[in-house]
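Structure, as structure tokens:
The values are calculated or read from the model by the stated rules, or taken from the named source; none is laboratory data. Keep in mind that this is a model prediction, so the values were computed, not measured. Please note: Cβ atoms are built from the backbone with ideal geometry, for glycine as well, and neighbour counts cover all protein chains shown. Remember, those area values only see protein heavy atoms, side chains included, never the ligands or the DNA or RNA. Shrake-Rupley method; radii C 1.70, N 1.55, O 1.52, S 1.80 Å.
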Amino acid sequence: MTITQFRTTPDTVRPTLRDAVTGLPSYVPGRRSAGTDIAALASNESHYEPLPAAAAAVAAAAGTMNRYPDAAAVELRERIAWHLGVTAGEIAVGPGSVGVLQQIITGLCDAGDEVIFAWRSFEAYPILVELAGARPVRIPLDDAEGHDLNAMAAAVTERTKVILLCTPNNPTGVPISHERIDAFLRAVRSDILVVIDEAYVEYSEAGSGPDSLALYREYPNVCILRTFSKAYGLAGLRVGYAVAAPAIAEGLRRTALPFSVSALAQKAAIASLDAGEEMEARVAVVKQERARMATQLAYRGWKLQPSQGNFLWIRADDELRARLVEAFDGAGVLVRAYQGDGVRITVADAASNDRVLRLLAAHTA
């Protein structure tokens, strides 16, 4: 068509979004703090300020913001590889683990393919799957708020391309044991990519979840997904990574948005890895607080599943959920509510945690 030709559509016709987009639910982030006396416990962020080494690395690199970052993130990938005992060719990075997950689904799924995951789990799973034109297959959690791996294996079809295992599970905090994942991997086809999403792995007690690197070395269809947003305290910089077989990792790098991990984020992540002992000391305090809160809540009659994340999960029907959220809001404590399922509360500093304990002590489960 040339510019001299008349348009063939009426002026009222406008561009339209894909059906897959118009039907998407919006991702619901944790609510933000609006005051100094607000306890922001809705987003599972680290309540600590960034590690000093990471902050210093960002300050030192700030003068280069006029330049594009290394699109291949070579230095960061090499540092992650050294940290894990793999090669840089097995590492793909992205803007947070959710960004890398989008690269995974984009790289493996055609329209109509299926992605299996537990539900309830990370809220972005079905959004990313549907955005790719694939079909989300939600498998209900078991009675212990964990993954029903038998049901997940039974749900596999010829169109299954990816299975997501979130351990510890967000928002319930329940891990999947090494033995259960090992048995699951022996039961599913080797052409299905099994993603072990470990966004909260640093907060897990030793032996509670899988040795994901050992599973990865034994099963070529395993992909490990991790982030610097939680324990490392870089949520605002957006950097995560995957460990996968070299051919898969190369595909993930190809599907990444160019320059999606900023130069500042890359420098901060490297510095954070180098400050691992300091990060672990901070995590140890969070784990102590998590145990203290769980013990006191159990004494008060709250029946909680043991959490291995930096949060606690209260299973609640909508009546109890609404009552709790209203009480938390009134007390200046922001928590994350899930309609029909319950409330997730981030474990933070002792003073904020005490506010949670006082409020829950005044309510009944």
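Of the residues Arg77, Arg67, which single one is within 14 Å of Arg253 (Cβ to Cβ) and either open to solvent by 10 Å² or more (accessible area, probe 1.4 Å) or of a type outside the set (A, V, I, L, M) (or both)?
Checking each option against the conditions leaves just Arg77.
Which residue is nearest to Glu123 (Cα to Cα), if the candidates are limited to the stretch 21-55 and must be among the small types (Gly, Ala, Ser) and modelled with pLDDT under 90?
Ser26
What number of residues within the stretch 251-273 satisfy the criterion of being part of a helix (DSSP H, G or I) and over 29 Å from Pro52 (Cα atoms)?
Matching residues across the stretch 251-273 total 5.
Would you please name the residue that is farthest from Tyr48 (Cα to Cα), looking only at residues in the stretch 287-322 that are basic (Lys, Arg) and in a helix (DSSP H, G or I)?
Applying the filter and picking the extreme gives Arg321.
Those residues that are open to solvent by 20 Å² or more (accessible area, probe 1.4 Å) and in contact with a Lys or Arg (Cβ under 9 Å, 6 or more places away or on another chain), I need them from the stretch 271-300; list them, please.
The answer is Asp274, and nothing else.
Can Ala59 be described as in a helix (DSSP H, G or I), modelled with pLDDT of 95 or more, more than 30 Å from Cys223 (Cα to Cα) and out of contact with any His (no Cβ under 7 Å at 6 or more places or on another chain)?
yes
Mind checking which residues of the stretch 231-262 are open to solvent by less than 30 Å² (accessible area, probe 1.4 Å) and either over 20 Å from Thr87 (Cα atoms) or among the hydroxyl-bearing types (Ser, Thr, Tyr) (or both)?
Ala231, Tyr232, Gly233, Leu234, Tyr241 - these are the residues of the stretch 231-262 that are open to solvent by less than 30 Å² (accessible area, probe 1.4 Å) and either over 20 Å from Thr87 (Cα atoms) or among the hydroxyl-bearing types (Ser, Thr, Tyr) (or both).
Do we find a residue being in contact (Cβ under 8 Å) with a residue 60 or more places away in the chain, under 24 Å from Ile345 (Cα atoms) and of a type in the set (A, V, I, L, M, F, W, C) anywhere in the stretch 105-121?
Checking the stretch 105-121: not a single residue is in contact (Cβ under 8 Å) with a residue 60 or more places away in the chain, under 24 Å from Ile345 (Cα atoms) and of a type in the set (A, V, I, L, M, F, W, C).
Can you pull out the helices (runs of 4 or more DSSP H) entirely within the stretch 102-191 that have at least 2 residues that are at pLDDT 95 or above, small (Gly, Ala, Ser) and surrounded by fewer than 20 Cβ atoms within 10 Å (Cβ to Cβ)?
Passing ranges, in order: 149-154, 178-187.
Check off (1) at pLDDT 95 or above; (2) open to solvent by 10 Å² or more (accessible area, probe 1.4 Å); (3) under 17 Å from Gln102 (Cβ atoms) for Val195 and give me the number that stays unchecked.
(2)
Just one of Ala284, Ala235, Ala231 is outside any loop (DSSP other than H, G, I, E, B) and of a type outside the set (Val, Ile, Thr); which is it?
None of the other options fit; the residue is Ala284.
One residue is enough: does the stretch 240-259 have a residue meeting the conditions under 19 Å from Ala59 (Cα atoms) and not polar (S, T, N, Q)?
Taking every residue of the stretch 240-259 in turn, none turns out to be under 19 Å from Ala59 (Cα atoms) and not polar (S, T, N, Q).
Identify, please: which residue in the stretch 214-230 is in contact (Cβ under 8 Å) with a residue 40 or more places away in the chain and open to solvent by 30 Å² or more (accessible area, probe 1.4 Å) and is, among those, farthest from Val286 (Cα to Cα)?
Top of the filtered list is Arg226.
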